[in-house]
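What follows is one structure encoded as structure tokens, with my remarks underneath.
The values are calculated or read from the model by the stated rules, or taken from the named source; none is laboratory data. On a predicted model such as this, the values are computed, not experimentally measured, just so you know. With ideal geometry, Cβ positions are generated from the backbone for all residues, glycine too; neighbour counts draw on all protein chains shown.
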Amino acid sequence: MKNNKKKIILMLIAVIGIIMFYNTNAYAAPNNGNFPQLNISLGDGQSSPQNYVGNIKILIFLTILSLLPSIVIMVTSFTRIIVTFSFLKTAMGIQQAVPNQVLVGLALFLTIFIMRPVYDEMNTNGIQPYLENKITQEEAMDKASQPLKQFMLKQTREKDLELFVDIGNVDKDNLTKENIPLTTLIPAFVISELKTSFQIGFLIYLPFIVIDMVVSSVLMSMGMFMLPPTMISLPFKLILFVMVDGWYLLVKSLIQSFGG
């Protein structure tokens, strides 16, 4: 043990001696005093202006793609349809029976069906000529937006449109259906759609409220105060909705409300 300890001590002394007598040079800066130059460049230095324009177009396309859900909700028939479906679920008391994904999917495909003529006109007048380099980007946006403006103007109440025209200080003398700004038309269209969907929801509520009142009166007359009326009225609501073919009537009314 003593020999081992002596060997370890001798090895430590040897290592310390080597570190002390070993000469190293440490530099805080390069010996010549010149710092390396930092050069940052985009691309390979051979990109043409056309390539940059193409990249900007791709960026604009991706931006529009990220905003597409909001655009679909705000400027199409989707708002009226999905709000009406929500009123139907609440009136019937079937919040958990019908998944929201089913109603959203149905509303989305109904929106595609209703908006197809508008899209065809937008594609014919604006998108295809632009892709064929027959018109400029500004002309394409203007011609493509005209069918959408006509659709929204047809569904927008004059009172709602005048509200945003007055608030936005839009020149009424030179205002036409073709040059009305989308920033003025879209919010007016949305509140008009909400009002229309609320009116439809009121009509949907009436028959189901009558069923709830009748069931509640019968239960109270029989002294069944502890039995929830909604539990008894739900089957009657379902039977009524199925007997009158409710989904057919509701979808038909929604499509016809847009002039389809």
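Criterion first (assigned to a helix (DSSP H, G or I), among the hydrophobic types (A, V, I, L, M, F, W, C), modelled with pLDDT of 85 or more and more than 15 Å from the chain's Cα centre (by Cα)) does Leu59 satisfy it? Even if it seems obvious, please write down each step before you answer.
Details: assigned to a helix (DSSP H, G or I): yes; among the hydrophobic types (A, V, I, L, M, F, W, C): yes; modelled with pLDDT of 85 or more: no; more than 15 Å from the chain's Cα centre (by Cα): yes.
For Leu59, the condition - assigned to a helix (DSSP H, G or I), among the hydrophobic types (A, V, I, L, M, F, W, C), modelled with pLDDT of 85 or more and more than 15 Å from the chain's Cα centre (by Cα) - is not met.
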Query raised in the report: Taking Ile71, is it more than 30 Å from Gly246 (Cβ to Cβ), under 23 Å from the mean Cα position of the chain (by Cα), modelled with pLDDT of 65 or more and surrounded by 12 or more Cβ atoms within 10 Å (Cβ to Cβ)?
Result: yes
Report task. Mind telling me which of the residues Ala14, Ala28, Ala97, Ala107 ends up being at pLDDT below 55 and of a type in the set (Gly, Ala, Ser)? Result -> Ala28
Requested in this report: Would you tally the residues in segment 196-246 being modelled with pLDDT of 90 or more and either outside any helix (DSSP H, G or I) or within 30 Å of Met152 (Cβ to Cβ) (or both)?
Outcome: 14
Report task. Give the number of residues within segment 74-111 that are within 21 Å of Tyr205 (Cα to Cα) and buried (at least 19 other Cβ atoms within 10 Å of the Cβ). Result -> 11
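Suppose we filter Ile180, Ile186, Ile114 for residues that are in a loop (DSSP other than H, G, I, E, B), crowded, with 17+ Cβ neighbours inside 10 Å, in contact with a helix residue (DSSP H, G or I) (Cβ under 9 Å, 6 or more places away or on another chain) and not small (Gly, Ala, Ser); which single one remains?
Working: Ile186 fails: in a loop (DSSP other than H, G, I, E, B); Ile114 fails: in a loop (DSSP other than H, G, I, E, B).
Just one listed residue meets the conditions, Ile180.
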Report summary line: Residue pairs qualifying under the 6 Å Cβ cut-off, at least six apart or on distinct chains, with the first in segment 243-257 being surrounded by 12 or more Cβ atoms within 10 Å (Cβ to Cβ) and the second being part of a helix (DSSP H, G or I), are Leu254/Ile81
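Mind listing whichever residues of segment 217-238 are surrounded by 15 or more Cβ atoms within 10 Å (Cβ to Cβ) and out of contact with any Ser or Thr (no Cβ under 7 Å at 6 or more places or on another chain)?
Just the residues of segment 217-238 that are surrounded by 15 or more Cβ atoms within 10 Å (Cβ to Cβ), to begin with: 219, 229, 232-234, 237-238.
Those that are surrounded by 15 or more Cβ atoms within 10 Å (Cβ to Cβ) and out of contact with any Ser or Thr (no Cβ under 7 Å at 6 or more places or on another chain): Leu219, Ile232, Ser233, Leu234, Lys237, Leu238.
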Query - Subset of segment 166-201 that is among the hydrophobic types (A, V, I, L, M, F, W, C) and free of Cβ contacts under 8 Å to residues at least 24 places away in the same chain - its residue that is nearest to Phe87 (Cα to Cα) - result: Ile167
Query raised in the report: Is segment 83-94 home to any residue that is under 17 Å from Leu254 (Cβ atoms), touching a residue at least 24 places away in the same chain (Cβ under 8 Å) and assigned to a loop (DSSP other than H, G, I, E, B)?
Result: no
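Being of a type in the set (S, T, N, Q) and within 16 Å of Thr76 (Cα to Cα): is that true of Gln137 here? Outline the logic, then answer.
Numbers: of a type in the set (S, T, N, Q): yes; within 16 Å of Thr76 (Cα to Cα): no.
Criteria not met by Gln137.
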Report summary line: Of the residues in segment 153-177, those that are in a helix (DSSP H, G or I) and buried (at least 18 other Cβ atoms within 10 Å of the Cβ) come to Asp160, Leu161, Phe164, Val165
